[in-house]
Amino acid sequence: MNLSPEITFNIFIENELDEDRTLSSDTKRGHKNTLNKLNDFNQHINFDALNFDIIDRFNNYLNGLGLSQNSIHGHHKRIKRYLRRAIAKKLFPGDISMDPYFNFKSKTTASDRRPLYTHHIQALLDLNVKKNNSLQFIKDLFLFSVGTGIRFGDVMNLNVRNIEKTTKGMIIRFTMDKVNKPLSLPIYLLPYHDSTKDIIKRYLKGKEPEETIFRRISNQKVNAQLKSLGILIDYEGLHFHQARHTFGTLIAQATGNIFKVMRYLGHSKPETSLQYVKLANEMYPDEL
């Protein structure tokens, strides 16, 4: 098939992203981030220029940005996805044996699932940053996720209607964006429920039903400020997703029940939840 000189691999990915309705908003953001990285490296990559050398140079470029090995692997995984689609659509010249990833292997490292110990959580709860509105907001966001396990994207999307007040206490009901699956979280049964309830009440005050509970902020900005909070509680490298890992480990430690972990984290596979049971055993060997 003869290609128009304007249809580069970069434009192909952009068009595919525009037309794809199967990706969640969080996943699509990750794909757009990869496209941005590719464009920064080379914004005009012709299909006939796609070879091992250009993939290897892109890999060196990503390393030069100081990205983690797992982040680099994620970018290659997404690029490979669109390369496979181009091959299927006969846009890539030659056959699969000419695939530039045929001889290129990207590596991953063990995922950083370091949960916070309870003394770290208590230190964060006790930390007084009320004079700094920005840090107080970041602290509240993180502790809210520690108490609920809700992912960052879903935290940003929660609105007043997602909070239900019952005779037993608050329940959060929402649909997880990443897996398009409904989830109900009875706050009164979860770890640090008093802290979570107080945070919800403070941020609900004066809000209309359609308003989001928390003001919108980027994950990058939150993680940048979490590093500062981490230093204040003597915890190096604090980042938002550790709140979810902490929640999962707390549930596993409190219940020893893999199905409770599955329920509250919205997992579909027991193998995923089992990781938190193992972490709880490692962190609290005498308490399970």
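Tell me, what are the semi-axes, in whole angstrom and largest first, of the equivalent ellipsoid of the chain as set by the roots of 5 times the Cα gyration tensor eigenvalues? Numbers along the way, then the final one.
Details: eigenvalues 322, 89, 75 Å².
Taking √(5λ) for each eigenvalue gives 40, 21, 19 Å, largest first.
Among Asn103, Asn128, Asn157, which one shows the biggest mean-square fluctuation in a GNM of the chain, springs joining Cα atoms closer than 10 Å?
Asn103
In debye, nearest 20, what is the charge dipole magnitude of the range 9-98 about its Cα centre with +1 on Lys and Arg Cβ and -1 on Asp and Glu Cβ, if you could check?
On the way: 14 positive and 11 negative charges, 62 e Å.
Rounded to the nearest 20 debye, it is 300 debye.
Rounded to the nearest 10 degrees, what's the angle between the helix 69-88 long axis and the longest principal axis of the chain, both from Cα atoms, 0 to 90?
50
Once you put a point 7 Å from the Cα of Leu23 and another 7 Å from the Cα of Asp198, both along the Cβ direction, what distance in nm separates them?
4.1
To the nearest 20 debye, what is the magnitude of the charge dipole of the chain about its Cα centre, counting +1 on the Cβ of each Lys and Arg and -1 on the Cβ of each Asp and Glu?
Working: 42 positive and 30 negative charges, 139 e Å.
Using Cβ point charges on Lys, Arg, Asp and Glu, the chain gives about 660 debye.
Which residues does the label zone of Arg215 cover in the range 115-158, counting backbone N under 20 Å from a point 7 Å along Cα→Cβ?
129-145, 152-158
Helix-only estimate, please: 222 nm mean residue ellipticity of the chain, summing -39500 (n - 2.57) across DSSP H runs of length 4 or more and dividing by its residues, to the nearest 500. Spell out each step's value before the answer.
On the way: 12 runs with 155 residues, N = 288.
So the calculated ellipticity at 222 nm is -17000 deg cm²/dmol.
State which entries of Lys205/Lys278; Lys178/Lys201; Lys131/Lys178; Lys77/Lys197; Lys80/Lys269 exceed 31 angstrom in Cα-Cα distance in the structure shown.
Working: Lys205/Lys278 39 Å; Lys178/Lys201 26 Å; Lys131/Lys178 35 Å; Lys77/Lys197 40 Å; Lys80/Lys269 26 Å.
Going by Cα-Cα distance, Lys205/Lys278; Lys131/Lys178; Lys77/Lys197 fall outside the 31 Å limit.
Placing +1 on the Cβ of each Lys and Arg and -1 on the Cβ of each Asp and Glu in the range 48-171, which of Gly169, Ala88, Ala123 has its Cα farthest towards the positive end of the resulting dipole?
So the residue we want is Gly169.
Relative to the longest principal axis of the chain, what angle (0 to 90°, nearest 10) does the C-alpha long axis of helix 9-19 take?
Approximately 50 degrees, to the nearest 10.
Please work out the FRET efficiency for the pair Gln43 and Ser228, using the Cβ-Cβ distance as r and a Förster radius of 45 Å; give the result to the nearest 0.05. Intermediate values should be presented prior to the final figure.
Values: r = 35 Å, r/R0 = 0.77.
E(calc), rounded to 0.05, equals 0.80.
Quick one: grab the alpha carbon gyration tensor of the range 9-98, order the square roots of its eigenvalues as a ≥ b ≥ c, and give me rounded if a/c is under 1.5, else prolate or oblate depending on whether a/b is larger than b/c. Spell out each step's value before the answer.
Details: a/c = 1.72, a/b = 1.07, b/c = 1.61.
In terms of gyration-tensor shape, oblate.
Rounded, prolate or oblate for the range 118-283? Axes are the square roots of the Cα gyration tensor eigenvalues, ordered a ≥ b ≥ c, and the cut-off for rounded is a/c under 1.5. Intermediate values should be presented prior to the final figure.
Working: a/c = 1.55, a/b = 1.08, b/c = 1.44.
Judged from the Cα gyration tensor, the range 118-283 comes out oblate (a/c at least 1.5, b/c at or above a/b).
So if each residue of separation counts as 0.36 nm, and I subtract the Cα-Cα distance between Asn60 and Thr167, what length gain in nm does that give? Spell out each step's value before the answer.
Numbers: separation 107, 0.36 × 107 = 38.52 nm, distance 5.77 nm.
Taking 0.36 nm per residue and subtracting the Cα distance, the gain is 32.7 nm.
How about Lys89: which aspartates and glutamates have a C-alpha closer than 13 Å to its C-alpha, ignoring those fewer than 8 places off in the same chain?
Cα-Cα hits under 13 Å: Glu16.
Want the number for Asn281 to Glu208: 0.36 nm per residue separation, take away the alpha-carbon distance, what's left? Show your work: numbers first, answer last.
Numbers: separation 73, 0.36 × 73 = 26.28 nm, distance 4.32 nm.
Once the chain is fully extended between Asn281 and Glu208, it gains 22.0 nm.
Roughly how tilted is helix 270-283, in degrees to the nearest 10 and between 0 and 90, from the longest Cα axis of the chain?
Roughly 60 degrees between the two axes.
Please find, in a Gaussian network model of the chain (springs between Cα atoms separated by less than 10 Å), the residue of Asn46, Asn70, Asn132 whose mean-square fluctuation is greatest.
Per the Cα network of the chain with a 10 Å cutoff, Asn132 tops the list.
Mind checking which of Met176, Met156, Met98 has the largest fluctuation in a GNM of the chain, springs on alpha carbons under 10 Å?
Met98
Please give the FRET efficiency for Gln122 paired with Asn33, using the beta carbon to beta carbon distance and R0 = 45 Å, rounded to the nearest 0.05.
On the way: r = 35 Å, r/R0 = 0.78.
With a Förster radius of 45 Å, E is 0.80.
Just so you know, all these numbers are worked out from the coordinates, no wet-lab data involved. Predicted model only: the values in this text are computed from it and were never measured. Every residue, glycine as well, gets a Cβ built from its backbone with ideal geometry; the counts of neighbours run over all protein chains shown.
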